[in-house]
Amino acid sequence: MKITFLGPAYPYRGGMAAFNERLAREFLSEGKDVSIQTFTVQYPRCLSKGKKQYSESPPPEGLRITRSVSTINPLNWISAGLRIKRMQPDILLLRYWTPFFALCLGTIARIARSNNYTVVISVVDKVLTQKESMITRILTRYFVKSINGAVVMSESVSYDLKNYRKEFPVVYCPHPLFDVYGRSIPGEEAIKALNLDPSFSYLLFFGCIREIKGLDILLKALADNRIAKLPVKLIVAGEFRESEEPYRKLIDELNLTNRVILTNKYIRDEEVKLYFSAADLVVQPYKSFSKTSVIQTAFQFNKPVVVTGIEELKDIVKNNITGYVTDPDPKSVADAIYDFYLNNRKSEFTKAIIKEKGRFGWNKMTAAVIEVFYKSLLAQLIKAM
């Protein structure tokens with residue numbers, strides 16, 4: 001089977017590129033012929049929220065990655081679609097997460113599948129609901145109508161997709177474990193490598209910082225009197241995608257200056273294992289759903305998590321078994337952190353995570369893509385009869 005993957009990949013950085021490359025490797029391990037088409041321009045500079053778009057790590061070995069698609073050049077969309085049409089892959093696999101990409105990917109998909117051979121499938125992280133603006137709904141509909149089927153990583157996205165297209169093969173598969181960052185190392189070794197004080201235990205907030213990620217909730221939870229008495233510090237490992245001043249002001253107001261370590265930088269792939277290995281508990285108190293690989297990275301390193309009760313995250317975290325699912329408020333988050341240390345939950349949660357890992361294999365994601373492929377072929381056959 002020949003698969004062409006279109007989405008973020010090296011030299012672009014971040015969890016989505018890492019996900020796509022890891023999924024491509026899984027297909028290769030199963031004997032598929034896989035190539036990746038990525039962007040010459042992913043976002044115009046004015047829309048790029050990060051300080052850099054490109055990875056500083058060496059290129060991934062064993063993957064065929066070609067930079068060929070500009071998201072802002074309609075003529076390029078046509079040429080890219082025609083090129084993939086001529087290549088005749090069995091599957092064109094698209095990664096979709098925002099309406100910004102709808103015209104680009106939707107146009108390429110329509111042209112590629114006009115060879116009456118290629119099946120276009122998308123791994124969809126998020127789709128805007130019918131409550132969004134008219135323009136974004138039109139863009140979303142344009143993209144959804146261009147593909148043959150989809151794989152989703154939360155049941156709510158499946159529901160949202162069906163609002164745009166009812167007769168449509170959609171398969172749910174939880175986000176696989178992020179096993180691309182190496183093996184865990186002893187906590188004391190990681191603490192030493194990061195130049196941290198070994199007399200403290202560490203919480204970890206990981207990833208880029210935006211308002212919806214709820215760092216302010218975590219800071220207020222850290223100031224809770226119960227947590228303040230514990231020998232615990234917080235590592236904030238990620239770069240700010242918005243002004244850091246409100247967070248620094250909050251840290252000062254809550255007298256947390258000596259208990260919060262702010263990195264304010266993009267964490268390179270080679271460094272990720274240090275931060276997760278150093279931490280006892282990973283805390284991600286999201287205010288609304290944000291596509292995230294942090295939880296599955298935590299589980300890969302056998303680290304329990306605290307998340308808020310957002311439906312998409314309930315699919316992954318089992319409350320009081322592999323971590324805590326709390327309300328998105330400081331007291332609830334503080335309750336979870338305090339319970340974790342007071343009742344020494346680390347060992348029991350770690351054992352549960354190890355048992356749960358089988359749910360999140362990459363082979364399940366490849367199987368979901370292939371299931372959509374055959375369901376799409378069946379739907380086309382029935383339609384032709």
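Readers should treat all values here as calculations from the given coordinates under stated rules, not as data from a laboratory. Here the structure is a predicted model, which means the values were calculated and not measured.
Quick rundown of the values:
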{"item": "Debye intensity ratio in log₁₀ form over the Cα atoms of segment 60-171, taken at each q of 0.16, 0.20 Å⁻¹", "result": "-0.72, -1.07"}
{"item": "At 1.002 mPa s and 20 °C, Stokes D of segment 61-108 from Kirkwood alpha-carbon radius, µm² per second", "result": "182 µm²/s"}
{"item": "Over 22 Å between alpha carbons, listed pairs 52/314; 287/314; 192/265; 273/314", "result": "52/314; 273/314"}
{"item": "Cα gyration tensor shape of segment 187-359, rounded if a/c is under 1.5, else prolate or oblate by comparing a/b with b/c", "result": "rounded"}
{"item": "Gyration tensor over alpha-carbon atoms, segment 157-230, equivalent ellipsoid semi-axes in Å", "result": "38, 21, 10"}
{"item": "Rounded to whole Å, sorted largest first: equivalent-ellipsoid semi-axes of segment 327-385, Cα gyration tensor", "result": "45, 17, 6"}
{"item": "Pair-distance profile P(r), taking every C-alpha pair of segment 208-273, with 5 angstrom steps and integer %", "result": "4, 16, 29, 24, 15, 10, 3, 0"}
{"item": "Approximate shape of the chain as ellipsoid semi-axes (Cα gyration tensor, √5λ), whole Å, largest first", "result": "38, 21, 20"}
